[in-house]
Amino acid sequence: MRALALLPVLGALSAPIAAAEGPVVAVGLPAGGLTDRDFLDDGRPDPAKVELGRYLFYDKILSGNRNISCATCHHALAGTGDGLSLPVGEGGRGLGVTRDTGRGASAIPARVPRNAPPLFNIGARAYRALFLDGRVEIDPSSPSGYRTPAGDQLPEGLESVLAAQAMFPVASSTEMAGQPGENEIADAAAAGRLAGPDGVWGLLAARLEAIPAYRRLFAEAYPDVRRGAPIRFVDAANAIAAFETVAFRADGSRFDRYLRGDRTALTPAERRGLQLFFGKAECGRCHSGPLLTDHRYHAVAMPQVGPGKGDGPGGYGDYGRERVTGDPRDRFRFRTPSLRNVALTAPYGHDGAYDTLEAVVRHMLDPVTALEEYDPGQLVLPSRPDLDELDLRALEDERQRQELASACELAPRHLSDEEIADLVAFLRALTDPRSLDLRWTVPERVPSGLPVRD
């Protein structure tokens, strides 16, 4: 869909796919699609580590005030997201679209400024950078092996960029840590103290160490712990990454069947949509490769809503990748999302601006016009007057809208309503039916004894 020089949609090897209707289309996907080798640990992490990660992912013990877990914003029953445009972090109550902003002194001070990204296939080896702005990246020149906001505080021993990413939500005041004065983890986070025994990660490791059931689980997963070594938060992050790799793998869609040779797997509408995706609509310029992402960063004039990241007039903007690189050319660029299971992961956009698949497809076909005509009524946000007041500040600022429009890399593409329907049909064919029921990932209880089902 981008107005760029055509990016190579083929990897080192690719297979042309003959559509049942129309000409042969080279889709830029290796023959057979994804395989075990495309995932961390060849798709088979240590089961003891996976089971430990499962408990940690759903346990509120990792939050400063013991009231939110990783799963709160990335729940298996909400498409590994939360169903909201912008997450309600630490201090909120409930789950998914029913989550509110909390009450009294413990209520959230602000919305989390970016949409909770889905976790499907997040354990693929192809990911070398994570977060929407790529602020956690593989960097062999760094002692830890990763370039992150923690700098030299990031410890060694992290087994993947996914594990490195898991080190950070626990240190965010709006996501999991809480506000200064509420708990010692929030105080450490506010002071920028991440490493060491009195840092965020050391304090959380000490919490886990104090729970006998966790001590046993870590000993089963890590020989050094079994021999008496203390639990490290690095161990917890590696276990969470192992769990996510297994639980949220999604490579069994009808499109995968099509790639593996079953030419009856897609309906006629879906095959027409495939033709459009890699042809006239030009989506495949950026949504390429087995995960349908180029892992690059692009500016697509997505409407800016929510509190922003402190950028631009009033601080209500979000400069995206520029916040990491410092390069103004990266302003408003965000990482191309994978489209695997995309029908399950609404709302869409770095700030959840669009609530339906058709709406975001129409935006990508003509971003600047869509930006000007954007209807904020589609936002999915729990209402609170002081937060509502900030949600549209950037969008209502004509200067900021013009800056977004000027940075857009996409030229308009015209598709008929029927063609858009076919394109959306193809996107729905990217759904792995195994991802429709992930109840098995949710434990009945967690070792801390804190509640799971809220």
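Here, each number is a calculation from the coordinates, and none is a lab measurement. Here the structure is a predicted model, which means the values were calculated and not measured. Please note: Cβ atoms are built from the backbone with ideal geometry, for glycine as well, and neighbour counts cover all protein chains shown.
Given contacts defined as C-alpha pairs under 8 Å and at least six residues apart, what's the relative contact order of the chain, whole-number percent? The partial results should precede the final answer.
Values: 949 pairs, mean separation 103.9, N = 454.
Relative contact order here is 23 percent.
What is the stretch 242-395's relative contact order, in percent, from Cα pairs under 8 angstrom and six or more apart in sequence?
Numbers: 182 pairs, mean separation 31.8, N = 154.
Taking the mean separation of contacting Cα pairs over the length of the stretch 242-395, I get 21 percent.
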Give me the number: length gained by fully extending ALA107 to THR325, i.e. 0.36 nm times residue separation minus the C-alpha to C-alpha distance, one decimal in nm. 75.1 nm
Restricting to Cα atoms and excluding each atom paired with itself, what does the Kirkwood estimate give for the stretch 320-454 in Å? 17.9 Å
Quick one: angle between helix 233-247 and the longest Cα principal axis of the chain, in degrees between 0 and 90, rounded to 10, please. 40 degrees
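Diagonalise the Cα gyration tensor of the stretch 139-195 and give the resulting equivalent ellipsoid semi-axes, square root of 5 times each eigenvalue, largest first, whole Å. Each step should come with its number before you reach the end.
Values: eigenvalues 111, 24, 12 Å².
For the stretch 139-195, the ellipsoid semi-axes come out as 24, 11, 8 Å.
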Enumerate the amide H contacts of GLY81 below 5 Å, restricted to partners 5 or more residues apart or on another chain; note that Pro and chain-start residues carry no placed amide H. HIS75
Simple spin-label estimate for ARG37/LEU77, 7 Å along Cα→Cβ, in nm, reads 4.0 nm
May I ask for log10 I(q)/I(0) of the stretch 198-340 at q = 0.11, 0.12, 0.18 Å⁻¹, from a Debye sum over the Cα atoms as equal point scatterers with solvent left out? -0.77, -0.85, -1.02
Does anyone have the angle between helix 200-209 and the longest principal axis of the chain? Alpha-carbon axes, 0 to 90°, nearest 10? 70 degrees
Helix 268-278 versus the longest principal axis of the chain: what is the Cα-based angle in degrees, 0 to 90, to the nearest 10? 80 degrees
Note on the stretch 74-140: contact order normalised by length, alpha-carbon pairs under 8 Å, 6 or more apart, percent, works out to 28 percent
What distance in nm separates the two pseudo spin-label positions at THR98 and ARG384, each 7 Å out from Cα along the beta-carbon direction? 1.9 nm
Where the centre of each part is set by its Cα atoms, how far does the stretch 193-246 sit from the stretch 402-429, in angstrom? 45 Å
For ARG125, enumerate residues with amide H under 5 Å from its amide H, sequence gap 5+ or separate chain, H modeled in the peptide plane. PHE39, LEU40
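Beta carbons within 10 angstrom, averaged per residue: use that to sort the peptides 287-299, 95-107, highest first. Write down the numbers at each step before the final one.
Working: 287-299: 21.5, 95-107: 14.6.
Highest mean packing first, the order is 287-299, 95-107.
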Give or take rounding to whole Å, what are the principal axis extents of the alpha carbon atoms in the stretch 41-177, in descending order? 46, 31, 25
HN-Hα J couplings of the stretch 187-199 from phi, Karplus 6.51/-1.76/1.60, θ = phi - 60°, integer Hz, Gly and Pro as x? 5, 5, 5, 5, 7, x, 9, 9, 8, x, x, 9, x
Among 254-260, 241-247, the order from most to least packed when residues are scored by Cβ within 10 Å on average: 241-247, 254-260
Rounded to the nearest 500 deg cm²/dmol, what is the calculated helix-only ellipticity per residue at 222 nm for the chain, with -39500 (n - 2.57) per DSSP H run of length n ≥ 4? -8000 deg cm²/dmol
39 Å tail of the calculated P(r), the chain, as % of Cα pairs: 19 percent
So how far, in whole Å, is the C-alpha centre of the stretch 339-391 from the one of the stretch 133-178? 28 Å
Given H placed on each backbone N at 1.01 Å, which residues far from GLY320 in sequence or on other chains put an amide H within less than 5 Å of it? PHE332
